[in-house]
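No lab work stands behind these numbers, since they all come straight from the coordinates. What you are looking at is a predicted structure, and each value in this text was computed from that prediction instead of being measured. As a convention, Cβ positions derive from the backbone with ideal geometry for all residues, glycine included, and neighbour counts pool all protein chains shown.
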Amino acid sequence: MNAFGAEFPQVRQRRTRSSSFARKLVRENLISTDDLIYPIFLIDGTGKEIPVDSMPDICRISIDNLSRVASDCLKKGINAVALFPNISSDKKSEDGKEAYNEKGLIPRALNLLKRDFPELGVITDAALDPYTTHGQDGVVDETGYVLNDPTVTILQKQALCYAAAGADIIAPSDMMDGRIKGIRSALELEGFVNTILLAYSAKYASSFYGPFRDAVGSAKTLQRRGKETYQLDIGNISEALREVELDLKEGADIVMVKPGLPYLDVVRAITTEFKVPTFVYQVSGEYSMLKAAFQNNWLDQKSAMLESLTSFKRAGASAILTYFALEAADEIKKRSWG
Ligand code: PBG
C-alpha cells in the first residue's frame, strides 16, 4: 500500500514493455517480406517508365523494364508480384476481347517472367476494365448494366489465356456471380489443375480505387459511372461473408478483402469464420493518402507504413498486396524498429 492507501498492482502489464528485448519476445504479429506482393503496372512500348501522377513513386513500365523490377523484388525478399495492364485505347473494345489475346501485354509479360524468374510467383487479374471502352469490369447492355453470364464466359477465356502463358495465380476481381466456378471448371478441363484462384471475394464499391483507375487508364473510360451493381456495398459485412462462402464452395483457394485499412473488420470476420488463407489489398487510394502525408512530413514514412502493414497481420491476413512492398522490404530487412 502506498502513502495514499492505494494497493500496488500485482500485475504490471508494463513489465514486458519496459525493454526492447522483452517487447520483441512478446510481440504477437510481425510483418515479413514473405507477406508482401508488389503490384506492377505495365504499358506497351519500350524504354517507358511513366509516373502515375496520383501515386507518388509509382510508374507504369514497359516490358523491357520488367526484369529489373522482378530481380529487385527477389533481391529484397518479395516472392510475388501482381500484374496490371494499361493498354492503348485502340486495343479497347465494347467486349474487352484484348483480355484474352495470347500476344497481349499480360501474356507477354508472363512469358518473360516465367522464363527468366521461374521462382517468382506471378498473379494476374481476371477482369475486363482495362480492356473495355466503357471501363466496366464486364460487358454491358444498352443501358450500361453489366451483364453477368456473358461476362463470365469472357473471364473464362481470359483466365485460360493467362494460365497458358504461365500465371501462377489468377485473381478474379470482377465480382460477377459464379465466376469462380466458371473459371475453376475451365481450368480443370484444360488441365491447369495447379493454378491457384485468389478470389477478390470481399471487394467493395470503394472510392479508394481512384488512383489505380488513373494508372490503368480506366478512369477516363469509366467517366463517373460507378460499379455499385456488382461490387459490395460499403455498409455490408454479412454479405461479404456470404461471398466468401460461395467463392470457397466454387473452388477459390485464397480469398481477398479490398480495400484494406477501411475494411479491417471484414478481414478479421473472415479469418475468424473461415480457416482459409486471406489476403488483403492495400489499394491505391490508401497508398496515395499515406504517401501525401509522408511527402509533407506530416507522418513518418517508415513507422506509419510498417504500422499499417502490421495491422493487416493483426487482423489475420496472410499476405498483402501493397504499393509499399519495395520500400517496406528495405525497412523490414533493417529490423530497426520496436
Ligand atoms: C479491376 C481492379 C481494380 C483494382 C484492382 N483490380 C479497380 C476497380 O475495381 O475499379 C483496384 C486496385 C487499387 O486501387 O489499387 N477490377
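Numbers below:
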read-out	value
Under 22 Å, Cα to Cα: Lys pairs in the stretch 1-159, sequence gap 8 or more or different chains	14
Principal axis dimensions, largest first and in whole angstrom, of the chain by Cα	80, 44, 40
Distant-in-sequence amide H partners of LEU42 (H built 1.01 Å from N, under 5 Å)	ILE61, PHE84, ASN86
Three semi-axes of the equivalent ellipsoid, the stretch 120-197, Cα gyration tensor, whole Å, largest first	23, 13, 9
Helix 301-314 vs. the chain, principal-axis angle (Cα, 0 to 90°, nearest 10)	80 degrees
Kirkwood Rh (inverse of mean 1/r, distinct Cα pairs), the stretch 188-338, angstrom	16.7 Å
Inter-label distance, nm, simple model (7 Å from Cα along the C-beta direction), VAL193/SER19	5.5 nm
Helix-derived mean residue ellipticity, 222 nm - over the chain, DSSP H n ≥ 4, -39500 (n - 2.57), to 500	-11500 deg cm²/dmol
Cα gyration tensor, the stretch 249-329 - rounded (a/c under 1.5), prolate or oblate	prolate
Point-charge dipole on Cβ atoms (K/R +1, D/E -1) for the stretch 236-293, about Cα centre, debye to 20	220 debye
Local electrostatic count at ALA127 - Lys and Arg +1, Asp and Glu -1, tallied over other residues with Cβ under 9 Å	-4
Theoretical FRET efficiency, 1/(1+(r/R0)^6), r = Cβ-Cβ of VAL69 and ALA205, R0 30 Å, to 0.05	0.45
Long-range HN-HN contacts of LEU232 with modeled amide H, under 5 Å	LYS203, TYR204, ALA205
Cα-based convex hull volume of the stretch 143-242 per residue, rounded to whole Å³	121 Å³
Residue with peak Gaussian network fluctuation, the chain [Cα springs, cutoff 10 Å], from LEU128, LEU155, LEU112	LEU112
log₁₀ of I(q)/I(0) at q = 0.10, 0.11, 0.23 Å⁻¹ - the stretch 1-107, Debye sum with one point per alpha carbon	-0.53, -0.57, -1.26
Between helix 179-189 and the chain: long-axis angle, C-alpha atoms, 0 to 90°, nearest 10	70 degrees
Ordering of 181-188, 16-23, 41-48 by burial proxy (mean other Cβ atoms within 10 Å per residue, highest first)	181-188, 41-48, 16-23
Positive-end residue of PHE117, GLY135, THR153, charge dipole of the stretch 102-160 with Cβ unit charges	PHE117
Most mobile of TYR281, TYR204, TYR145 in a GNM of the chain (Cα contacts under 10 Å)	TYR145
Cα gyration tensor, the stretch 205-247 - rounded (a/c under 1.5), prolate or oblate	prolate
For the stretch 45-195, fraction of C-alpha pairs farther apart than 18 Å, in %	59 percent
Where only C-alpha atoms are counted, convex hull volume of the stretch 218-294 per residue in Å³	132 Å³
